[in-house]
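Data block below; observations after.
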Amino acid sequence: MKIIRADVIVTCPGRNFVTLKIETDEGIHGIGDATLNGRELAVASYLKDHVCPLLIGRDAGRIEDTWQFLYKGAYWRRGPVTMSAIAAVDMALWDILGKAANMPLYKLLGGASREGVMVYGHATGRDIPEALDRYAEHIEEGYKAIRIQCGVPNMRSVYGVAKGNGMYEPATKGAVEEQSWSSEKYLDFVPKLFEAVREKFGFDTHLLHDVHHRLTPIEAARLGKSVEPYRLFWMEDPTPAENQAGFRLIREHTVTPIAVGEVFNSIWDCKQLIEEQLIDYIRATLTHAGGITHLKRIADFAALYQVRTGCHGPSDLSPVCMGAALHFDLWVPNFGVQEYMGFPKEALEVFPHAWSFDRGMMHPGEAPGHGVDIDEKLAAKYPYDPAYLPVARLEDGTLWNW
Ligand code: KDG
Ligand code: MG
């Protein structure tokens with residue numbers, strides 16, 4: 001089966017998404033997600049200008065060889081743009097293989113390791129009472145795992161808290177939003193949030209929290225230690241992870257589990273973190289970390305060290321990534337949890353999908369391939385709308401990690 005066409009579709013049904021569509025001479029097509037929030041057109045161009053022409057005439061079934069060809073053949077290895085582009089090709093080719101075999105992707109991977117995929121939702125509030133209300137709603141909906149984020153008193157803005165009553169969306173149109181940050185205020189406040197959750201709801205739900213790269217290693221160690229009584233499922237991205245050895249400091253001081261890796265794009269970003277057992281969950285995801293072929297490699301390596309998966313699943317990864325991730329999650333033996341933030345209604349219409357949600361558990365469905373398609377006519381009604389992620393500054397104006 002030969003590839004005869006490869007097109008990139010950029011659309012904004014509620015938010016921007018980049019999709020690669022690959023067509024074959026047997027009339028089967030597959031799609032892959034290539035969305036890199038705030039830098040979408042860089043990946044679209046990488047695909048359109050540099051990758052799509054190379055795909056024409058290739059055997060659609062040689063997925064591993066195509067992955068190696070695009071990775072090694074570029075000479076310039078890794079990086080989010082390159083790896084998101086490779087991921088989109090990889091996802092589309094697995095989709096085609098599944099359709100050709102008339103099998104859902106999870107069966108091609110080795111079959112289901114569990115009945116369903118536990119997902120965590122986001123409870124956010126401007127203050128503790130509001131965050132607790134949202135937490136209660138998630139329990140009502142059946143969620144078994146819930147992430148909580150909350151406004152910090154006397155801080156203008158904080159990561160993960162919706163502005164109005166709608167969904168949380170960090171990207172803004174036009175100018176880059178400048179947020180302010182104080183590690184001192186955050187560190188004093190956030191244990192009170194977890195205390196309030198456990199006091200009100202007990203320990204029956206898994207409690208998650210995203211620090212979003214804001215602390216230094218020693219501050220993260222202090223946070224982890226101070227919140228041990230609340231038994232978090234994980235503390236996410238406590239400090240930026242470019243320096244993997246920095247996590248040793250956190251590990252020496254706390255047993256609060258650590259999740260890292262949503263910005264990683266290759267196994268090399270987490271090699272030391274995994275080998276030295278400095279983390280408990282690896283958050284790398286299909287779209288940004290080289291697709292199914294590469295995430296499988298990361299997960300198998302992580303399994304040797306009892307590190308489990310916790311794939312990134314924000315609304316800025318498209319429903320295509322969500323569908324493929326659910327197949328991956330259903331199969332992967334060392335599964336931990338899957339993030340599910342939900343999508344704008346328009347996005348769910350543009351991307352017809354086989355996956356389903358039921359009381360905090362998801363299933364990828366039984367459609368052949370990854371079970372997600374794109375309605376190109378509808379997609380064309382939502383043109384690209386540039387948006388940027390915010391930056392964070394300390395109260396004295398120093399640019400910090402967002
Ligand atoms: O584009 C950035 C978002 O994907 C990120 O801020 C979301 O941290 C995030 C999460 O855990 O979902
Ligand atoms: Mg995160």
- Item | The listed residue being of a type in the set (S, T, N, Q) and either within 16 Å of ligand 2 (Cβ to nearest atom) or closer than 23 Å to residue 120 by Cα (or both), out of 172, 205 | 205
- Item | Members of region 35-74 found to be of a type in the set (Phe, Trp, Tyr) and either modelled with pLDDT under 95 or under 24 Å from the mean Cα position of the chain (by Cα) (or both), listed by number | 46, 67, 71
- Message: Any residue at all in region 347-355 that's acidic (Asp, Glu), in the same structural domain as residue 290 (by TED's automatic domain parsing) and either more than 16 Å from ligand 1 (Cβ to nearest atom) or open to solvent by 10 Å² or more (accessible area, probe 1.4 Å) (or both)?
- Response: yes
- What is the residue count in region 78-119 for residues that are more than 30 Å from residue 232 (Cα to Cα), among the hydrophobic types (A, V, I, L, M, F, W, C) and within 16 Å of ligand 1 (Cβ to nearest atom)? 3
- Could you please find all residues in region 255-277 being away from ligand 2 (no atom under 16 Å from the Cβ), out of contact with any Lys or Arg (no Cβ under 7 Å at 6 or more places or on another chain) and aliphatic (A, V, I, L, M)? 255, 274
- Item | Matching residues, region 104-119, being open to solvent by 20 Å² or more (accessible area, probe 1.4 Å) and small (Gly, Ala, Ser) | 110, 112, 113
- Message: As an exercise: evaluate residue 266 against (1) in contact (Cβ under 8 Å) with a residue 24 or more places away in the chain; (2) among the polar types (S, T, N, Q); (3) open to solvent by 30 Å² or more (accessible area, probe 1.4 Å) and give the number of the one condition it does not meet.
- Response: (3)
- Item | Which numbered condition residue 375 fails, given (1) touching a Gly at 6+ places or on another chain (Cβ under 6 Å); (2) without any contact (Cβ under 8 Å) to a residue 40 or more places away in the chain | (1)
- Report, by residue number, each residue of region 315-335 that is assigned to a loop (DSSP other than H, G, I, E, B), open to solvent by 10 Å² or more (accessible area, probe 1.4 Å) and more than 19 Å from residue 383 (Cα to Cα). 333, 334
- Message: Take the residues in region 120-173 that are among the polar types (S, T, N, Q) and within 13 Å of ligand 1 (Cβ to nearest atom); name whichever of them is surrounded by the most Cβ atoms within 10 Å (Cβ to Cβ).
- Response: 149
- Query: When you go through 248, 214, 231 one by one, which is the residue that is away from ligand 1 (no atom under 16 Å from the Cβ) and within 19 Å of residue 147 (Cα to Cα)?
  - Reply: 231
- Query: Can you pull out the residues in region 199-224 that are polar (S, T, N, Q) and closer than 17 Å to residue 138 by Cβ?
  - Reply: 205
- Query: If you check every pair at least six apart or on different chains, which have Cβ atoms under 8 Å apart with a residue in region 166-191 that is more than 20 Å from residue 316 (Cα to Cα) and aliphatic (A, V, I, L, M) first and a residue that is at pLDDT 90 or above and open to solvent by less than 20 Å² (accessible area, probe 1.4 Å) second?
  - Reply: 187/215; 187/223; 190/150; 190/152; 190/209; 190/223; 190/227
- Task: Being away from ligand 1 (no atom under 16 Å from the Cβ) and open to solvent by less than 10 Å² (accessible area, probe 1.4 Å) is the filter; apply it to region 21-50 and report the residue that is farthest from residue 4 (Cα to Cα).
- Result: 44
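The values are calculated or read from the model by the stated rules, or taken from the named source; none is laboratory data. Just so it is clear, the model here is predicted, and its values are computed rather than measured. Quick reminder, even Gly has a Cβ in these numbers, built from the backbone with ideal geometry, and neighbours come from all protein chains shown. Keep in mind that these areas ignore ligands, DNA and RNA; they rest on the heavy atoms of the full protein, side chains included. Shrake-Rupley method; radii C 1.70, N 1.55, O 1.52, S 1.80 Å.
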